[in-house]
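*Asks:* Take this structure first; my questions come after.
What follows is calculated from the coordinates using simple rules that are stated; it is not laboratory data. Here the structure is a predicted model, which is why all the values come from computation and not from measurement. So basically every Cβ, Gly included, is an ideal-geometry build from the backbone, and we count neighbours across all protein chains shown.
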Amino acid sequence: MRKFAIVKKYQDAGLQLPKRSTKQAAGYDIEAATDFTVPSIWHQGLFKVLKTLALKRPLTQKQMQTSEKSLRPVLVPTGLKIYMNENEYLMVISRSSGPLKRFLILPNSVGIIDSDYVDNPNNEGELFIQMLNFGIRDVQIKKGDRIAQGIFASYLKTDDDAEIQKAERKDGFGSTGE
């Protein structure tokens, strides 16, 4: 079974399931589940940190924390979970208009959603889209705005994969380690 579904938290929120916009589109357009603000990296003191580095001065602990905070992506909720067959994954990528028109990027370039992520006990397998805003202004995302696209794909395993012990997924986002 390969399909999108809405997590319980958003059952009555009027969300639309992803769809392809044209007959030949590879990606399913993924929308935001709520209104959301993606802050500009420049509003959180990053410019001051860069100026300090340009002057070849050492950064203080506070400046280090400021730069890390400003460059940390936000997680935009979609209210979706994805069911897939074994040996499949969903590749989450930016829409082409994101960086060009809105200055929004996926900092990991491509998100990989494994088929065993769905229905995990931590967050029901809800898909969140990591976003970073490199523009000057904060970006307001409205519920229903298309923020990413998902492409289903298959993958192969090595011949000795069955010999390697693997754990069962027990958690949600980022649960398989750093």
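*Asks:* Could you sort 56-68, 101-113 so that the peptide with the highest average Cβ count within 10 Å comes first and the rest follow in order?
*Replies:* Descending mean neighbour count gives 101-113, 56-68.
*Asks:* Now for a different question. For SER40, list long-range residues whose amide hydrogen, built 1.01 Å from N in the peptide plane, is under 5 Å from its own amide hydrogen.
*Replies:* Placed amide hydrogens put ASP138, VAL139 under 5 Å from SER40.
*Asks:* Run the numbers for PHE134 and GLU88: contour at 0.36 nm per residue of separation, minus the present Cα-Cα distance, in nm.
*Replies:* Contour length minus the Cα-Cα distance gives 13.4 nm.
*Asks:* Between SER96 and TRP42, what is 0.36 nm times their sequence separation minus the Cα-Cα distance? Round to one decimal in nm.
*Replies:* So the chain would gain 17.2 nm between SER96 and TRP42.
*Asks:* Given that compact globular proteins tend to follow 2.2 N^0.38 Å, what is the ratio of the alpha-carbon Rg of the stretch 66-172 to that value?
*Replies:* Relative to the 2.2 N^0.38 Å estimate, the stretch 66-172 comes out at 1.24.
*Asks:* Here's another thing I want to ask about it. Using θ = phi - 60° and the Karplus form 6.51 cos²θ - 1.76 cosθ + 1.60, what ³J(HN,Hα) does each residue of the stretch 89-105 get, whole Hz, x for Gly and Pro?
*Replies:* With the stated coefficients, the stretch 89-105 comes to 8, 9, 8, 9, 9, 5, 6, 4, 7, x, x, 5, 9, 10, 6, 9, 10 Hz.
*Asks:* Which loop GluC sites (Glu not before Pro) in the stretch 85-143, with loop taken from DSSP, have no more than 10 other Cβ atoms within 10 angstrom of their Cβ?
*Replies:* The qualifying sites are GLU86.
*Asks:* Name the residues whose placed amide hydrogens come within less than 5 Å of the amide hydrogen of ILE129, ignoring near sequence neighbours (fewer than 5 apart) on the same chain.
*Replies:* VAL76, THR78
*Asks:* For the chain, calculate the relative contact order in percent as a whole number, restricting contacts to Cα pairs under 8 Å that are 6 or more residues apart.
*Replies:* The normalised contact order for the chain reaches 32 percent.
*Asks:* While we're looking at this one, here's another question. For the stretch 72-87, what does the Karplus curve 6.51 cos²θ - 1.76 cosθ + 1.60, with θ = phi - 60°, yield as ³J(HN,Hα) per residue in whole Hz, taken in order and with x for Gly and Pro?
*Replies:* Each residue's phi maps through the Karplus curve to give 7, x, 9, 10, 8, x, 10, x, 10, 10, 10, 9, 9, 7, 4, 6 Hz.
*Asks:* Given an 8 Å cut-off on Cα distances and at least 6 residues of separation, report the relative contact order of the stretch 81-141 as a percent.
*Replies:* It comes to 40 percent, rounded to a whole number.
*Asks:* If you don't mind, another one. Set the bar at 25 Å for Cα to Cα. Now go through LYS62/LYS142; LYS51/LYS143; LYS19/LYS143 and name every pair that lies beyond it.
*Replies:* Where the Cα-Cα span goes over 25 Å, the pairs concerned are LYS62/LYS142; LYS51/LYS143.
*Asks:* Right, something else. Based on the Kirkwood radius over alpha-carbon pairs, what value in µm²/s does the Stokes-Einstein equation return for the translational diffusion coefficient of the stretch 4-121 at 4 °C and 1.567 mPa s?
*Replies:* Translational D for this selection: 75 µm²/s.
*Asks:* Relative to the present Cα-Cα distance, how much length would full extension add between SER21 and LEU53 at 0.36 nm per residue of separation?
*Replies:* 7.0 nm
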